[in-house]
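Peer 1: Submitted below is the structure of interest, expressed as structure tokens.
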Amino acid sequence: MEEYLHPTYYIDSDHPAIMAFAEQHGRSGKKDMEKAVAIYYAVRDKLRYNPYSIEPKKESMKASTILLRGHGYCVAKAVVLTACLRSQKIPARLGFADVQNHLNTERLRSLMGTDVFVYHGYTEIFLNGKWVKATPAFNLELCTNFNVKPLEFDGTRDSIFHPFDKSGHRHMEYVKDHGTFADLPWETILSASMKQYPLYFENLEVGSKDFSAEALKENQ
């Protein structure tokens, strides 16, 4: 279990910003489960989901960098959640899966050329003797704009994307499991992403697009 408690280059749980954020939002919980749940919601809603934020630079994927930036895509937010939990001595690791996401915007879909997201990221947390999945990617505002239910997490059950939206339309399907990792396998993820989405990286403009505004416009 020790490898799921230690800081790493990417999961820099010993960074002052990570420690302060986790302490601030987890202080209401007396038990690990209460702390984990509180920190999950803080990462989910206080960091904006931004799929246009992927940068090839490895330093861009450090938990502290992402937290101070204030936004990131699913892998980035999972890295932050994992780091925050480790800073509170709660074992946490990263999980990845390829998913088919039917809720997308026209702009992002045109850049990706597909609705399959490779290496979608989530966090696994060890609570009460078992590992539970927590997916902090979509913040509450974005869920509202997409008309999907926000993911809730109670510390006892896996929290993964709903298969359907509020209207009963298909939302997301998990198509390939990549397993769990003690640290971020960034080179592997970046290589797979660049191969899958060459147009995205050819037209990379970090932070220049508002995904939430696109979702609102297309789903009104």
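Peer 1: With the structure loaded, tell me whether R93 is surrounded by 16 or more Cβ atoms within 10 Å (Cβ to Cβ), outside any helix (DSSP H, G or I) and at pLDDT 95 or above or whether it fails that test.
Peer 2: Working: surrounded by 16 or more Cβ atoms within 10 Å (Cβ to Cβ): yes; outside any helix (DSSP H, G or I): yes; at pLDDT 95 or above: yes.
Judged against the criteria, R93 is a match.
Peer 1: Also, quick follow-up: Any residue at all in the range 169-183 that is in a loop (DSSP other than H, G, I, E, B), at negative phi, at pLDDT 95 or above and surrounded by 12 or more Cβ atoms within 10 Å (Cβ to Cβ)? Show your work before the answer.
Peer 2: First, the residues of the range 169-183 that are in a loop (DSSP other than H, G, I, E, B): 169, 171, 182-183.
Retained after the next criterion (residues that are at negative phi): 169, 171, 182-183.
Right, trim to at pLDDT 95 or above and you get 182-183.
From the residues that got through so far, the ones that are surrounded by 12 or more Cβ atoms within 10 Å (Cβ to Cβ) too are 182-183.
Scanning the range 169-183 turns up at least one residue that is in a loop (DSSP other than H, G, I, E, B), at negative phi, at pLDDT 95 or above and surrounded by 12 or more Cβ atoms within 10 Å (Cβ to Cβ).
Peer 1: Does the range 110-121 include one or more residues that are modelled with pLDDT of 95 or more, within 27 Å of I39 (Cβ to Cβ) and not in a strand (DSSP E or B)?
Peer 2: no
Peer 1: Just for the range 103-142: of the residues that are within 18 Å of N203 (Cα to Cα) and basic (K, R), which one is nearest to the chain's Cα centre (by Cα)?
Peer 2: R109
The values are calculated or read from the model by the stated rules, or taken from the named source; none is laboratory data. Keep in mind that what you see is a predicted model, and the values were worked out from it rather than measured. Methodologically, a virtual Cβ is constructed for each residue, glycine included, from the backbone with ideal geometry; neighbour enumeration extends over all protein chains shown.
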